[in-house]
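The values are calculated or read from the model by the stated rules, or taken from the named source; none is laboratory data. From a predicted model like this one, the values you see are computed outputs, not experimental measurements. Here Cβ is always computed from backbone atoms with ideal geometry, including for glycine, and neighbour counts include all displayed protein chains. The accessibility values were calculated without ligands, DNA or RNA, using every heavy atom of the protein model including side chains. Shrake-Rupley method; radii C 1.70, N 1.55, O 1.52, S 1.80 Å.
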Amino acid sequence: MKSEIGNIFLIWRKGPGSRRIVVGKINKNSNDGARFQYLLDNLKEAEKQGFLPYTGFPDTSKIYTNNVLEILSQRIVKTERNDLSDYYSFWCVELSKKKDTYYMLAYTQGLLPTDNFEFLADFNPKKGLKFISEIAGLTKTKIASNKLFKGDKLDFELELDNIYDDNAVKLFKKGKYIGYVKLIHSRVFHRSKNSIIVTVHHLEEKDIIQRAFIKVEII
């Protein structure tokens with residue numbers, strides 16, 4: 001049976017408000033384990049903005065095949081956290097898979113407050129798939145905190161002529177443009193033959209929405 005998780009892409013951006021750049025790819029198979037390689041064409045643009053290689057993979061010309069998941073496991077939350085059950089619930093983690101580093105990296109995005117990397121999975125559009133993503137572009141749309149709420153259902157539109165992302169997906173609330181689905185995560189919208197529901201999952205806000213996480217479900 002085909003896995004719900006395809007490749008996982010290493011994403012870098014200079015900082016909040018900057019465009020995300022796909023700088024690397026992790027893939028996994030039952031025979032060879034996991035391997036990582038940089039996407040050299042994309043690195044040129046990232047390097048102009050100050051990109052430095054990921055600490056565990058310092059040589060951008062090398063294909064890494066040893067200890068890839070062990071290196072990436074440092075991005076996964078430690079089991080001694082007191083709020084671990086809340087963490088699993090937030091990211092829609094299946095508890096039976098919590099020890100699977102590849103799965104956990106895909107579902108939690110490997111987010112850390114100490115750098116500008118994230119790991120975005122190219123999910124396969126299987127019925128029943130459910131994962132957490134994030135709205136991109138909020139620094140431009142500047143949505144007031146009283147205009148978006150947890151639980152809001154969002155509409156979406158495929159944007160086929162986007163010059164930055166062939167798989168771009170715009171998000172709307174009652175006809176008002178909100179932002180975009182993160183790149184890579186947006187691909188599932190273009191490939192799914194089933195209906196997709198998008199709801200606001202969590203908000204970080206002051207006077208305006210700083211970050212907005214969304215739940216994507218294929219039904």
Per the filter on region 8-20, residues farther than 17 Å from THR55 by Cα and under 12 Å from the mean Cα position of the chain (by Cα) are ILE8, ARG20
Over region 173-219, the set of residues within 14 Å of the chain's Cα centre (by Cα), open to solvent by 40 Å² or more (accessible area, probe 1.4 Å) and more than 16 Å from PHE123 (Cβ to Cβ) is TYR180, ARG211
Flagged in region 165-219 as out of contact with any His (no Cβ under 6 Å at 6 or more places or on another chain), free of Cβ contacts under 8 Å to residues at least 40 places away in the same chain and part of a loop (DSSP other than H, G, I, E, B), in numbering order, are ASP165, ASP166, LYS174, GLY175, SER186, SER195
A careful count of residues in region 7-21 that are surrounded by fewer than 19 Cβ atoms within 10 Å (Cβ to Cβ) and either at pLDDT below 95 or within 17 Å of GLU47 (Cα to Cα) (or both) gives 7
Within region 126-172, the residues that are basic (Lys, Arg) and surrounded by 17 or more Cβ atoms within 10 Å (Cβ to Cβ) are LYS170
Within region 111-125, of all residues that are open to solvent by 30 Å² or more (accessible area, probe 1.4 Å) and touching a residue at least 60 places away in the same chain (Cβ under 8 Å), the one farthest from PHE189 (Cα to Cα) is ASN116
With the first residue restricted to region 33-46 and required to be in contact (Cβ under 8 Å) with a residue 60 or more places away in the chain, and the second required to be of a type in the set (Phe, Trp, Tyr), Cβ contacts under 8 Å at 6 or more apart or on different chains are ALA34/TYR102
Flagged in region 56-110 as under 22 Å from THR199 (Cβ atoms), of a type in the set (A, V, I, L, M) and either in contact (Cβ under 8 Å) with a residue 40 or more places away in the chain or in contact with an Asp or Glu (Cβ under 6 Å, 6 or more places away or on another chain) (or both), in numbering order, are ALA106
The condition from (1) surrounded by 14 or more Cβ atoms within 10 Å (Cβ to Cβ); (2) of a type in the set (Gly, Ala, Ser); (3) more than 23 Å from SER18 (Cβ to Cβ) that SER85 misses is numbered (1)
Q) Scanning for something in contact (Cβ under 8 Å) with a residue 40 or more places away in the chain, in a helix (DSSP H, G or I), closer than 28 Å to ILE218 by Cβ and basic (Lys, Arg), does region 19-31 turn up at least one residue? A) no
When region 32-66 is checked residue by residue, the ones that are in a helix (DSSP H, G or I) and open to solvent by less than 20 Å² (accessible area, probe 1.4 Å) are LEU43, ALA46
